[in-house]
Structures are given as structure tokens and as C-alpha cells.
Amino acid sequence: MPISSTPVNRRYLVPGEPSRRTGLAMLCVVLVAYFGFAYDNFFTVSNGLSILMNISAIAIAAVGAMFLVVSGNVDLSIGGQYALISVIVASFARDQGSVWVAVLAGLVAGLVLGLTNGILVKYMKISPLIVTLGTMAVFKGLAYLVSEGKSVFGFAEAFIFLGRARINNVPLPVIIATVIFVVGGFWLLRTAAGLRLFAIGGNQQAARLTGINVDWVVVRLYVLNGLLMGVVAVLTTARLGSGTPQIGTAFELDVLTAVILGGVGFAGGSGHPAGVFVGVATIGILGSGLIFAGLADWWQQIFKGLVLLLALGADQIAEHRRARAARDDPPAEAAEPVAAGTSPPPDAADEYGLGVPRTREPGEVVLATTGLARRFGPVFALRDGTFSVRAGEVVCVVGDNGAGKSTLIKLISGVYKPDAGRIELDGHPVEFGGPIDARRAGIETVHQDLAVCPNLGVAHNLILGDEPRRRMFGLIPVRDDAAAVARTRTRLASLGITLTDLNRSVGRLSGGQRQSVAIARAMKADIKLVILDEPTAALGVAQTRNVLRIARQAAENGAGVILISHDIRTVFAVADRVVVLRLGRVVYDDSVHQITHTRLLHLMAGLEDDSTTKTGK
């Protein structure tokens, strides 16, 4: 079944698999119509402005919550932050008498509380649910401690003006909330940083391996969330004319309900600001309608809780439907053309018939490693990783399970730092602080688990970590999706890979297509070294042939290639040189033509003594 076409000139691709909640929007219209006909004063401008004022705090907080949930995190402490920041702001507004001092105190308090949550979540490796549940209680208790359990009031009129001012009869908090929501939604959908939130929520490890500093990004999200809660607390305290530790009760339930109801998947990686807006509007309309109906507060809480449960259930149903659709709609495999005028290489060992003749002689040494070692606790994963790779050369690294192959390539690609030894790139010693440093140096890696984000499309996966950018109106930096599509098409075509719909979620592609996307991402024009970790694992013969052809083509284009494999046939089909690892040491390093199938198997299995093993360059 062919994949549907996506226009080439499309300037903007929506990240993830978003839901704008069209059905929920229709429900909002029905609720408005019902309450409007049932209660005379519901269809009035004053009631509309009152609803907007009531949901302005939820809308501002929903921006921070949306960012967190999209990235696969959550903050349950915002109700406690709300109360603590409110009494802090009230105390400064009463004692200092300065509007700016009070506002600054609220914003700084929010930043500190958000930073506290971020550090606990990411650097202490504690679940965000547990962390923020605990800090919620701490913040709430501190609010009572700071205020001594009493409301704080007695503000200057200038401070109260912040919460009660109107511009053309529209409350100032509503205007501020609208600006924050629009800017936040635009940032999430149109910037490279917003795309990275979807990547982190879709596959955190994949995002990390592409060079994204996941820990730092998530900490900043919590800091931003705290800052937004500072804005909420300042505006609400000014509007009410007092700060109280009782404020913010069940606020986190309202915000989380609006976000989940708006289509942001609780597991992360999906969502759309338009849907969140509809979720916020639903909460406001429902709350106002229940008040008109004269129901007690506890009934409102019951309805909100039920709505949240229904939203979570709908989210699970939608996920099940997406998974079933992926099963029922198996994608076609990527085409595997052989360039016209070429024929399979004469090498008899080439059982796959790659169709890429070996015409290029190896050039200068691109990578040289000496004595690389890495241990995990008392276990040495790698003891002596010494070998080199030349430009235009395919070096196959083989060994039994636990030989140290993956550890070796993770040291080279910047995932781990070596405990001993050195890495030289183009004859110069290098030290990588992370995968992004290795990528900037010209090393691209296709990891065994592919490091792709299943919720993102082909184009977004291919440019992740190296997103093209442009300036909207010459001023606003945004992600350039048109350039991303053009780059993706060019790179796939240069490798003989055919994928039509570049916005199709990678999770809905076949194994061979996902492998092609991961490899295409690594084949940059200025690449020096390509590392392929078990690229043919779990692939069929046709898919394997395509992957090996791409690896061989990369070498013919001048890059050094390291290919890790368990399959002896692939080694003899594609390798120029073979390196054998056993128990964390390099025990063989020589031309593939100098070794037989049987001896290679013996070396991998440890059936040949080191004293009889040939090691050369």
C-alpha cells in the first residue's frame, strides 16, 4: 500500500500526532447553548468576561503544564506554589508598598520553586509524580507558616490596579493570559526548542542520543512553570486584594484536567495548543454553568474529576485506535534501486549483491583510539579499545555478547566518557562532553535501538538536533520545516531511499523504513565518521541488503564507517577490515581478506588463543 503524498513546498509541519479536539469544541458550543437557554443571564457580555477572568489563571498555568506534559513530565505542586507565592507577594506588597518589589518577589519566588522541582526530578532521578506531590505539601505548609495561617491584606491602590484594571472593558489579566497563551503555543509548534519537547516526550533516550541535553531542558521547563505560577499568583492576589494560604486548593486538578482534556497525551509526545485552549474553555463554561445551576462546590469538584477521568479514558482509546490503524495499514518498504550501469561487485564473499563497486582506496586515518577503557562499578565493559578507521573504509567490529562493542562505540560517539585512553579525530585528541559534541565534530551514530522518536514524522526525526531555522518577518526565529523537507528528500534520494509522506509518524513505518530514516539522518554532507550499531538486526534479506548498500556507499563518498554486527555474512559482504573484540579487548585487527569465516567465528567465541591471533593495522 503506497504512502500518501505530502506537498514538497509545505512550510510548516505539525510536530507529533496532535489533536485539536474538534469534538470537544462542539461540546463547548452545546454547553453554551444549553446554559444560555436554561439561564437568562448566561448569554451576557458581563458573564462572558467573568468566565474569561475566572479561566485566565488556568490558561496561564496551562501553558507551563502543557510544556511539561508534552515532554513526559508533570507538576502536581502548582496549587502549593500558588498559595506560597500569593502570601509572599502579599507580604511584600503590604510591607514595602512598592508594586515592582511585590511583582519581582512573586516572579523570583516562582523561579526558585520551579528550580527546586526541576533539580529534584532530573538530578535526583525521582519520578515527577512523587516529587511534585511531596513539594505540593511542603509549599502548602510553608504558605501557612509564612502567613501564620492568616490572610495578608492592606495593599496600595497601585498594586490592586494590576488585577482589576481594564482596557476597553477587557480585564488586564485576560489580556495577559491571552498574550502568554498565544506566545507559548507559537513557541511550542514553530520553534526548534518546541520540537525537542515533543522528541523528549516521544523517546527521551533517543532525544538524548541525538545531542539534546534532556536534563537541562526539563529543568528549564520546571523553572518556566514556576515563573508562570508567579504571574498567576501576582495577578490573582492583586485582584482579590489579599493573599491567603487557602488559595489554589484543587488548582492543579483544574489545570491538569484542561490540559489532558485538550488532547495532550499524559505519557508525553503529543498535543496541540488549540486543543488545550478548548480544554480550558470547557472547564470555564462548565464551572460557570454549574454555578448558575446552583450546585454546591463539592458537586463542581465531582464533575471536574469525572471530566478528567473521561479525558484520560479518551486518551487511551485514541492511543489504541492509532496502534490498531498502524497494524491495519502496513506501510510499503522503501525502494531499493541499484544505480543504472552498475553490476554486483565481483567479490565472491558478497552474498547480498550490494551493487556498489569498491573503487575507492582508503585515505588518511579519520579516527584512532588508543587504550580506551570503561568500567561500570566493578565490571570492566571495555579494557583496551585500540583501533583506527580511515576515510573511505568500512571497519566491521565484531564480538560475542558482552565483548564491549556497544561500549566502545558509545565512547566514540560521546554517550560515555572513557575512564582511560584517548580518542583522536583527524590526528587531533578530542574529548566529548556528550553526543552533541561528537555530532559537531563530524561523527554520526545509528544506535542499535535506532534513536528515533516514534511520535515525530520522518522529516522531523531526520533534522532533530540539527534543525534548520529561519526568521519570520526577518525578526522571529522559527523552525524552517520547508528546508527540513528539502534536506530530507535530498538525503533520502542520495541513498536510494523512497519515502513519500515525510510527515508520517516514524512509529507507523516498517522496520526497514525506520532503519533507513535513522541511517539517512547520519549521512550528512560533511560527515567524517559514521557508526552503525547492529544496523541489520531483526531485518529481512532485502532490508539488510539496502542497509549494507548504504553503508558501502557512505564509504565510497569518503566517510569512515564503523559497522557493528553479529552476522558473519554481512561482515564479508561489506567490510574492508575487521576488528574482533573479546572480553573488552581488541584481539584481531586486519583486512577482511586475511581471515576465513571459520577463524573469525573461533576468535569471536574465544576458541583461538591470543598468542595465535594476528593483530595488525
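Of THR536, THR544, all but one fail to be over 25 Å from PHE198 (Cα atoms), open to solvent by less than 30 Å² (accessible area, probe 1.4 Å) and not in a loop (DSSP other than H, G, I, E, B); the exception is THR544.
The one condition from (1) crowded, with 17+ Cβ neighbours inside 10 Å; (2) in contact (Cβ under 8 Å) with a residue 60 or more places away in the chain that ALA105 does not meet is (2).
Within the set PHE42, PHE67, PHE92, the sole residue that is on the phi < 0 side of the Ramachandran plot and at pLDDT below 90 turns out to be PHE42. Residue count for region 511-533 under the criterion of being farther than 18 Å from VAL458 by Cα and not in a loop (DSSP other than H, G, I, E, B): the result is 5. Within region 494-522, the set of residues being at pLDDT 80 or above and of a type in the set (A, V, I, L, M) comprises LEU502, VAL506, LEU509, VAL517, ALA518, ILE519, ALA520, ALA522. The residues on offer are THR407, THR386, THR490, and the sole one that is surrounded by fewer than 22 Cβ atoms within 10 Å (Cβ to Cβ) and part of a helix (DSSP H, G or I) is THR490. Could you tell me whether region 73-80 includes any residue that is at pLDDT 90 or above and acidic (Asp, Glu)? Yes, because at least one residue in region 73-80 is at pLDDT 90 or above and acidic (Asp, Glu). Return yes or no: is ALA281 among the hydrophobic types (A, V, I, L, M, F, W, C) and either touching a Ser or Thr at 6+ places or on another chain (Cβ under 6 Å) or open to solvent by 30 Å² or more (accessible area, probe 1.4 Å) (or both)? So ALA281 does not fit the description; no.
Being basic (Lys, Arg), crowded, with 16+ Cβ neighbours inside 10 Å and modelled with pLDDT under 85 is a property that does not hold for ARG10.
Evaluation of VAL478 against the conditions (1) under 21 Å from ALA193 (Cα atoms); (2) surrounded by 24 or more Cβ atoms within 10 Å (Cβ to Cβ) shows that the sole unmet condition is (2). Exactly one residue out of SER77, SER50, SER56, SER71 is hydroxyl-bearing (Ser, Thr, Tyr) and over 26 Å from LEU286 (Cα atoms): that is SER71. Scan region 570-584 and give yes if some residue there is of a type in the set (S, T, N, Q) and open to solvent by 10 Å² or more (accessible area, probe 1.4 Å), otherwise no. There is no residue in region 570-584 that is of a type in the set (S, T, N, Q) and open to solvent by 10 Å² or more (accessible area, probe 1.4 Å). It is to be established whether one or more residues within region 25-33 are touching a Ser or Thr at 6+ places or on another chain (Cβ under 9 Å), open to solvent by 50 Å² or more (accessible area, probe 1.4 Å) and at pLDDT below 90. Checked region 25-33: at least one residue is touching a Ser or Thr at 6+ places or on another chain (Cβ under 9 Å), open to solvent by 50 Å² or more (accessible area, probe 1.4 Å) and at pLDDT below 90. In region 432-452, the residues that are more than 19 Å from VAL366 (Cα to Cα) and open to solvent by less than 20 Å² (accessible area, probe 1.4 Å) reach residues that are basic (Lys, Arg) and in a helix (DSSP H, G or I) with C-beta atoms within less than 7 angstrom, at least six apart or across chains, in these pairs: VAL452/ARG514. Per the listing VAL478, VAL452, the residue uniquely modelled with pLDDT of 85 or more, of a type in the set (Val, Ile, Thr) and part of a loop (DSSP other than H, G, I, E, B) is VAL452.
The values are calculated or read from the model by the stated rules, or taken from the named source; none is laboratory data. Everything numeric here is computed off the predicted structure, so don't read it as measured data. FYI the Cβ positions are ideal-geometry reconstructions off the backbone, even for glycines, and counts take in every protein chain you see. Areas reflect the complete protein model, heavy atoms only, side chains present, ligands, DNA and RNA absent. Shrake-Rupley method; radii C 1.70, N 1.55, O 1.52, S 1.80 Å.
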